[in-house]
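Everything below concerns the one structure shown next.
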Amino acid sequence: MDKPIVVGGRPLADQLAQHTHGITAATVETVRTQVAFYRSLPEEAVRGDVTAIIRRNLELFVASLRSLRPPSAVELTEVRESARRRAEELVPLAEVLKAYHLGVEHWWTSISDLARPEDTADVARAGTLLHAHLLAATTAVLAGYGSDRALPGEDDSARRALFLALTNGADPAAAAQRAGTDLPKLYWVMAIHVDPHPDEQSADVDVVVAERRKVRRLQRELDNLGRDEALSVLSSSGGGVLIPILAAEPGPDDWPDSTRYAQLSRNLQDMERSIGAAVAAAVTVAAPLDVPQAYVHVQEILDVARRYGHRSGPVRLRDVALEYQLTRPTSASPVLASLLSPLDSHPGVLETLESYLDAGCDRGAVAAQLHVHPNTVVYRLRKVAALTGLDVASAPDVVRLVAALAARRATLPAGPG
């Protein structure tokens with residue numbers, strides 16, 4: 001049996017294991033300093049994924065020093081999966097490989113600093129194992145970037161095809177068979193919008209990387225929510241989701257008041273904390289053959305909800321029924337919208353009117369929201385009457401103003417993000 005590798009009078013594996021934290025931190029700093037792309041990563045990514053995979057590699061190398069053999073493919077699973085995530089985030093492969101080479105170079109320096117003149121043979125053995133580790137890790141990274149992804153890719157493609165078949169009105173039976181799943185009796189049908197993560201708005205972070213990380217977190221949360229049966233098509237701003245309802249309840253008519261919808265609502269709200277960004281979701285229930293119409297419907301509901309300032313949490317049709325009805329386009333819509341045209345050159349007055357109607361005609365709430373004196377609110381509402389001929393003190397005029405504002409909002413973008 002080969003003797004353990006001893007450097008500086010002690011087993012090298014023990015010395016590196018004892019200083020794992022410090023060596024990992026120094027390696028992370030080396031990579032972040034010398035690899036341009038890693039400098040653009042979010043701080044969260046550096047503290048989390050990057051630090052974790054460097055530490056894991058060091059632990060594998062320490063294990064190699066103990067066993068005197070390079071890591072196996074199974075032991076390198078985390079390295080391969082980490083590389084797969086970097087590929088999804090569009091991190092250049094050359095930058096990842098450079099990071100691995102810099103890490104190994106740093107570890108070699110640490111080993112050399114421990115060595116004595118009489119340790120030449122053991123240092124050479126350590127160098128051979130370190131080189132073997134680098135070769136094995138490089139193979140795992142390359143696999144993560146493509147060569148081992150055929151089966152997962154096929155699975156993702158099949159699930160996406162099933163989503164498209166269901167939402168486009170094609171016969172979903174064949175697509176379900178290719179995806180290896182059975183069609184449920186009902187689906188939760190959702191249209192979601194996700195606000196930008198703070199990293200996407202940071203000048204120090206690559207926007208593409210931040211977006212890809214957010215989408216990956218969102219996909220992971222939806223997979224957890226749907227017990228790996230969720231179907232979705234997502235972008236950094238949201239998308240569509242179908243989650244099978246596998247239990248007997250709820251039914252197509254009683255779902256809005258069901259305990260399962262309440263649980264779904266809590267899960268969606270928890271999702272925001274995991275993603276780090278606000279998530280608004282319009283929700284309904286549909287049988288597989290009714291999904292196309294339901295999917296269009298939830299997209300409309302989400303659009304209306306966002307026009308009325310709904311940025312977070314679930315929303316049903318009943319939650320925005322009046323706003324939904326008022327924003328449906330008719331020949332009267334442009335006529336109603338034109339009632340507010342005189343306010344186009346008075347943005348402060350228009351903003352006050354919008355806030356007043358949205359706040360249920362509570363002048364105090366409007367003053368607090370807009371950070372103005374209550375008398376300013378009164379003055380601006382009088383200005384509305386002077387410019388439009390519609391007085392907020394008149395109930396019939398308030399109805400016309402609400403309808404005019406709804407028609408106007410129907411022609412404008414849904415909101416930021």
Would you kindly find the accessible area of residue 98, with a 1.4 Å probe and non-protein molecules such as ligands, DNA and RNA excluded, rounding to the nearest 10 Å²? 90 Å²
Over the chain, the quotient of the Cα radius of gyration and 2.2 N^0.38 Å is 1.34
Taking R0 as 56 Å, what's the FRET efficiency between residue 3 and residue 312 from their Cβ-Cβ distance, rounded to 0.05? 0.35
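How would you classify segment 226-322 from its alpha-carbon gyration tensor, with a ≥ b ≥ c the square roots of the eigenvalues: rounded for a/c under 1.5, else prolate if a/b is greater than b/c, otherwise oblate? Show your work: numbers first, answer last.
Numbers: a/c = 1.34, a/b = 1.16, b/c = 1.15.
Rounded.
Restricting to the chain, compute how many DSSP beta bridges are antiparallel as a %, nearest 5. Provide the component values of the computation, followed by the final result.
Details: 23 of 26 bridges.
Taking every DSSP beta bridge within the chain, about 90 percent pair in antiparallel fashion.
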Give a residue-ordered list of calculated ³J(HN,Hα) values for segment 91-98 (Karplus: 6.51 cos²θ - 1.76 cosθ + 1.60, θ = phi - 60°; whole Hz; x for Gly, Pro). 6, x, 4, 4, 5, 5, 5, 4
Distance between modelled label sites at residue 17 and residue 258, nm, 7 Å Cα→Cβ extension: 5.3 nm
Helix 395-409 axis, angle to the chain major axis (alpha carbon atoms, nearest 10°): 40 degrees
Show that you can apply the helix-only estimate: for the chain, add -39,500 (n - 2.57) for every DSSP H stretch of four or more residues, divide by all residues, and state [θ] at 222 nm to the nearest 500. -18500 deg cm²/dmol
Sequence-distant residues sharing a close amide H with residue 315 (under 5 Å, placed H): 281, 282, 283
Distance-filtered residues of segment 355-378 - backbone nitrogen under 17 Å, label point 7 angstrom along residue 386 Cα→Cβ: 375-378
With the dipole of segment 170-226 worked out from charges on the C-beta (+1 for Lys and Arg, -1 for Asp and Glu) around the Cα centre, which of 188, 208, 198 lies farthest toward the positive end? 188
Total charge dipole magnitude, the chain, about the Cα centre, Cβ charges on Lys, Arg, Asp, Glu only, Debye to nearest 20: 340 debye
Angle between the chain longest axis and helix 51-67 axis [Cα atoms, degrees, rounded to 10]: 20 degrees
Charge dipole of segment 45-113 built from unit charges on the beta carbon (Lys, Arg +1; Asp, Glu -1), centred at mean Cα; most positive-end Cα among 103, 91, 57 is 57
Span from the segment 16-90 Cα centroid across to the segment 167-213 one, whole angstrom: 29 Å
Residues with amide H under 5 Å of residue 186's amide H, sequence separation 5 or more or different chain, H placed in the peptide plane at 1.01 Å from N; which? 245
Got a sec to turn the phi values of segment 305-319 into Karplus ³J(HN,Hα) couplings, 6.51 cos²θ - 1.76 cosθ + 1.60 with θ = phi - 60°, whole Hz, x for Gly and Pro? 4, 5, 4, 9, x, 7, 10, 8, x, x, 8, 9, 4, 4, 6
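Subtract the Cα-Cα distance of residue 338 and residue 32 from 0.36 nm times their separation in residues, and report this length gain in nm to one decimal. Present the calculation step by step, with values, prior to reporting the outcome.
Values: separation 306, 0.36 × 306 = 110.16 nm, distance 5.63 nm.
That pair, residue 338 and residue 32, stretches by 104.5 nm at full extension.
Counting pairwise Cα distances across segment 32-159, what percent come out greater than 20 angstrom? It would help to have the intermediate numbers written out before the result.
Numbers: 3910 of 8128 pairs.
Everything past 20 Å amounts to 48 percent.
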Using the C-alpha gyration tensor of segment 16-62, what are the square roots of 5 times its eigenvalues, in whole angstrom, with the largest one first? 20, 10, 8
In nm, spacing of pseudo-spin labels at residue 124 and residue 170 (7 Å Cα→C-beta vector): 6.3 nm
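If r is the Cβ-Cβ distance from residue 75 to residue 247 and R0 is 45 Å, what FRET efficiency results, to the nearest 0.05? Present the calculation step by step, with values, prior to reporting the outcome.
Numbers: r = 40 Å, r/R0 = 0.88.
For residue 75 and residue 247, the calculated efficiency is 0.70.
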Projecting the Cα atoms of 121, 168, 245 onto the charge dipole of the chain, where Lys and Arg contribute +1 and Asp and Glu -1 at Cβ, the residue farthest towards the positive end is 168
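First measure r as the distance between the Cβ atoms of residue 25 and residue 115, then evaluate 1/(1 + (r/R0)^6) with R0 = 25 Å and state the FRET efficiency to the nearest 0.05. Intermediate values should be presented prior to the final figure.
On the way: r = 22 Å, r/R0 = 0.89.
Once the sixth-power term is evaluated, E becomes 0.65.
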Lys, Arg +1 and Asp, Glu -1 on Cβ, resulting dipole of segment 54-110 about Cα centre, debye, nearest 20: 140 debye
Starting at the first residue of segment 353-366, write each ³J(HN,Hα) from the Karplus equation 6.51 cos²θ - 1.76 cosθ + 1.60 with θ = phi - 60°, in whole Hz, x for Gly and Pro. 4, 4, 5, 5, 5, 5, 8, x, 6, 9, 5, x, 5, 5
Can you tell me which aspartates and glutamates have their Cα less than 15 Å from the Cα of residue 3? Leave out same-chain residues fewer than eight positions away. 14, 119, 122
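About the Cα centre of segment 113-250, what is the dipole size in debye to 20, counting +1 per Lys and Arg Cβ and -1 per Asp and Glu Cβ, all else neutral?
Details: 14 positive and 21 negative charges, 74 e Å.
Charge dipole of segment 113-250: 360 debye, to the nearest 20.
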Taking only Cα atoms, what is the 0 to 90° angle, nearest 10, from helix 207-225's long axis to the longest principal axis of the chain? 80 degrees
If you project the alpha carbons of segment 289-417 onto their three principal axes, what span does each projection cover, largest first, in Å? 55, 32, 26
Suppose each label sits 7 Å from its Cα in the direction of the beta carbon; what would the residue 330-residue 90 distance come out to in nanometres? 4.5 nm
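The values are calculated or read from the model by the stated rules, or taken from the named source; none is laboratory data. Keep in mind that what you see is a predicted model, and the values were worked out from it rather than measured. Neighbour counts are summed over all protein chains in view; Cβ atoms, including those assigned to glycine, are modelled from backbone coordinates with ideal geometry. All accessible areas refer to the heavy atoms of the entire protein, side chains included, with ligands and DNA or RNA removed. Shrake-Rupley method; radii C 1.70, N 1.55, O 1.52, S 1.80 Å.
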